[in-house]
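The values are calculated or read from the model by the stated rules, or taken from the named source; none is laboratory data. Just so it is clear, the model here is predicted, and its values are computed rather than measured. Because the Cβ atoms are built from the backbone with ideal geometry, glycine has one as well, and the counts that use them run over all protein chains shown.
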Amino acid sequence: MSPTVVRAPGRVNLIGDHTDYTGGLVFPMAVDRWTEIRCAPHDRVELTSADEAEPVSLPLRVDDPTAVSPAWGRYVAGVVSEMAPTQGIRGRVSTTIPIGGGMSSSHALEVAVALALGFEGSVVELAQLTQRAENRASGVPTGIMDQFAIAGGVAGHALLMDCGALTITPVPVPDDVDVVVQFVAHRTLVGSAYADRVRECATAEAEIGPLRTADPATAASIADLVVRRRAMHVVAENRRVLDFADALRAHDLAGAGQLMLASHASLRDLYETSTTQMDAAVDHVASLPGVYGVRMTGGGFGGCIVALTEPGALTDGWRVTAVEGARVLDAAP
Ligand code: GLA
């Protein structure tokens, strides 16, 4: 039998961070960097990687993905433990997504493994399964945005996603802009304050109800100062996602850029997921000619910034374009 080839893109979020785990709005796109798995059926899950010294070898039942070694195998194990497949795979992983570079290389691996193991459900089901796999593998209660964007990418479009209704509205990315990702600092969400933020949002919702439908005045009335700030960020960020999508549709690039800057300021001041290094990188890029807007992107505490610019304005970083979501390619020769 000829081997199967599966390809899953990376992602970058243009605006809407720390809104997904309260069922809010995000605006990512799947980007033109890919993780590929080339594999054949096998009785275990055995993968080598072009970027990792040690291979992964797993049985078809895994109880505790966090105990798997080498560490990259935990993402594979998370998917295996969720799927409990009857048939394994043997193959090789390669990627053009910068590993640990903030473009979701680990999430792309999870989605690719699920497809390689024969997952056959919808985009939403694939995103849900790989989100659960990630939560199990990392122990961090991350939201669904990353896997949803990787599974549901649309070429040439950013994705207005409602993480409560689990819907995607593709919005064209104008031809005359660049989206540029710059890596600033390595980070991992394991051991970060990410889980604290998830808890703080739950506390806010226990007081005022769903943040997705709360208005700014209600968020601003929360008694506890820290919880109030977190809620104010989420409520305003959901609004900014809608305004950003409208600005792109109207080709108001300056307006879109201002919303990115406001989003960064909110992550810095209200949500407190930025760092002085990230702030300095954003301030620097914002001061350059031809830059409409720039912000920290993703979980924070380090990672990447993303800029919207005139074509060619920013040569430092990865220029990315929007591509279709993960899929099984035709069988390889
Ligand atoms: C990480 C998580 C996502 C999301 C972002 C912040 O990337 O994996 O679910 O919460 O942080 O927007």
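The test for being under 30 Å from residue 233 (Cβ atoms) and modelled with pLDDT of 95 or more does not hold for residue 43. The C-beta contact set for segment 10-27 (first residue more than 12 Å from residue 296 (Cβ to Cβ), second residue within 10 Å of the ligand (Cβ to nearest atom) and modelled with pLDDT under 95, distance under 6 angstrom, 6+ apart or interchain) comprises 10/104; 11/104.
Taking the criterion of being among the hydrophobic types (A, V, I, L, M, F, W, C) and assigned to a loop (DSSP other than H, G, I, E, B), the residues of segment 281-333 that qualify are 288, 301, 313, 314, 323, 326, 331, 332. Is it the case that segment 59-78 has a residue that's at pLDDT 95 or above, under 16 Å from residue 3 (Cβ atoms) and either over 17 Å from the mean Cα position of the chain (by Cα) or outside the structural domain of residue 182 (by TED's automatic domain parsing) (or both)? So far as segment 59-78 goes, no, none of its residues is at pLDDT 95 or above, under 16 Å from residue 3 (Cβ atoms) and either over 17 Å from the mean Cα position of the chain (by Cα) or outside the structural domain of residue 182 (by TED's automatic domain parsing) (or both). Do we have any residue at all in segment 229-244 that's over 19 Å from residue 25 (Cα atoms) and either outside any helix (DSSP H, G or I) or not small (Gly, Ala, Ser) (or both)? No. The single residue among 53, 8 that is among the small types (Gly, Ala, Ser), in a loop (DSSP other than H, G, I, E, B) and at pLDDT 95 or above turns out to be 53.
Can you say whether residue 23 is on the phi > 0 side of the Ramachandran plot, surrounded by 17 or more Cβ atoms within 10 Å (Cβ to Cβ) and over 14 Å from the mean Cα position of the chain (by Cα), as far as the supplied structure shows? Quick ask: steps written out before the conclusion?
On the way: on the phi > 0 side of the Ramachandran plot: yes; surrounded by 17 or more Cβ atoms within 10 Å (Cβ to Cβ): yes; over 14 Å from the mean Cα position of the chain (by Cα): yes.
Judged against the criteria, residue 23 is a match.
Each residue in segment 61-87 was checked for being among the small types (Gly, Ala, Ser) and either touching a Gly at 6+ places or on another chain (Cβ under 6 Å) or surrounded by 23 or more Cβ atoms within 10 Å (Cβ to Cβ) (or both), and 3 of them qualify. Looking for something under 21 Å from residue 302 (Cα atoms), touching a Lys or Arg at 6+ places or on another chain (Cβ under 9 Å) and assigned by TED's automatic domain parsing to the domain that holds residue 71 - is there at least one such residue anywhere in segment 108-124? Checked against the condition, which is being under 21 Å from residue 302 (Cα atoms), touching a Lys or Arg at 6+ places or on another chain (Cβ under 9 Å) and assigned by TED's automatic domain parsing to the domain that holds residue 71, segment 108-124 yields at least one hit.
When 285, 294 are screened for being under 18 Å from the mean Cα position of the chain (by Cα) and either within 16 Å of the ligand (Cβ to nearest atom) or buried (at least 22 other Cβ atoms within 10 Å of the Cβ) (or both), only 294 passes. Among the numbered conditions (1) under 30 Å from residue 308 (Cα atoms); (2) more than 16 Å from the ligand (Cβ to nearest atom); (3) among the aromatic types (Phe, Trp, Tyr), the only one that residue 72 does not meet is (1). Among residues of segment 83-112 that are among the small types (Gly, Ala, Ser), those with a beta-carbon under 8 Å from a residue that is at pLDDT 95 or above and part of a helix (DSSP H, G or I) at least six positions away or on a different chain give the pairs 91/116; 104/146; 104/149; 104/150; 106/75; 106/134; 108/150. Among the residues of segment 165-192, those identified as within 17 Å of the chain's Cα centre (by Cα), touching a residue at least 40 places away in the same chain (Cβ under 8 Å) and surrounded by 16 or more Cβ atoms within 10 Å (Cβ to Cβ) are 166, 168, 179, 180, 181, 182, 183, 184, 187, 189, 192.
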